[in-house]
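So the structure is just underneath, and the comments pick up after that.
Values quoted throughout were computed directly from the atomic coordinates according to the rules given, and no laboratory measurement underlies them. What you see is a predicted model, and the numbers here were worked out from it, not measured in a lab. As a convention, Cβ positions derive from the backbone with ideal geometry for all residues, glycine included, and neighbour counts pool all protein chains shown.
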Amino acid sequence: MPLPFIEDESQLLAMPEGAYMNEAQLDFFRRRLLAEQAELEAALEETRRTIVDSRGAGDEADLAANEETLRLLLRQADRETRLLRKIVGTLKRLNEGDYGFCEETGAPIGLRRLLLRPTATLCLEAKQRQEQREHHYARRHSA
């Protein structure tokens, strides 16, 4: 019997707990990740075009404003590139059967967390522990 096609989040969340990461759920997240990947690739291409087209011309004020805009565009392109790499890695994990499970504990990450952050690799508890370690490390090394 074929699994149901999940069209929206409410259908996904209505599925029984035992259906976690079945083929229908994997397909839902694969489609979501591929759509986000396509959007990011288009946005990154537009950002790159804008950077190339932003040749400096005009007086000093224009050049300074253009330089600031260019700096912001480069930061945006960097963020988009990093997120794109995360999505590619997530799609690889999905294809390998590791998607939806915590890299640290092996426990389910949870549908609600994956809906908010489809590239999540840690369950909430493991993520909290990681943030506590980072906070503790930062405090120790800033003193």
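Report the residue, chosen from 125, 68, 46, that carries the largest GNM mean-square fluctuation when the chain is represented by alpha-carbon nodes joined by springs under 10 Å. Evaluated over the chain, the most mobile residue of the options is 68. The angle between the Cα long axis of helix 23-53 and the main principal axis of the chain comes to about 0°, on a 0 to 90 degree scale.
When the Cα positions of 88, 4, 136 are compared along the charge dipole of the chain, 136 comes out farthest toward the positive end, with charges on each C-beta of Lys, Arg, Asp and Glu. Given H placed on each backbone N at 1.01 Å, which residues far from residue 101 in sequence or on other chains put an amide H within less than 5 Å of it? So residue 101 has HN proximity to 109. Just checking the listed ones, 119, 47, 90: in the Gaussian network model of the chain with Cα springs under 10 Å, the one fluctuating most is 47. Which of 65, 43, 19 moves the most in a Gaussian network model of the chain with Cα springs under 10 Å? With Cα springs under 10 Å in the chain, the top fluctuation among 65, 43, 19 is at 65. For the chain, the gyration tensor built on C-alpha atoms gives an oblate shape. Its axis ratio a/c (a ≥ b ≥ c) is at least 1.5, and a/b is not larger than b/c. Residues of the stretch 116-135 falling in the label zone of residue 141, defined by backbone nitrogen less than 12 Å from a point 7 Å along Cα to beta-carbon, are 134-135.
Counting only Cβ charges, +1 for Lys and Arg and -1 for Asp and Glu, the dipole size of the stretch 9-142 around its Cα centre is about 560 debye.
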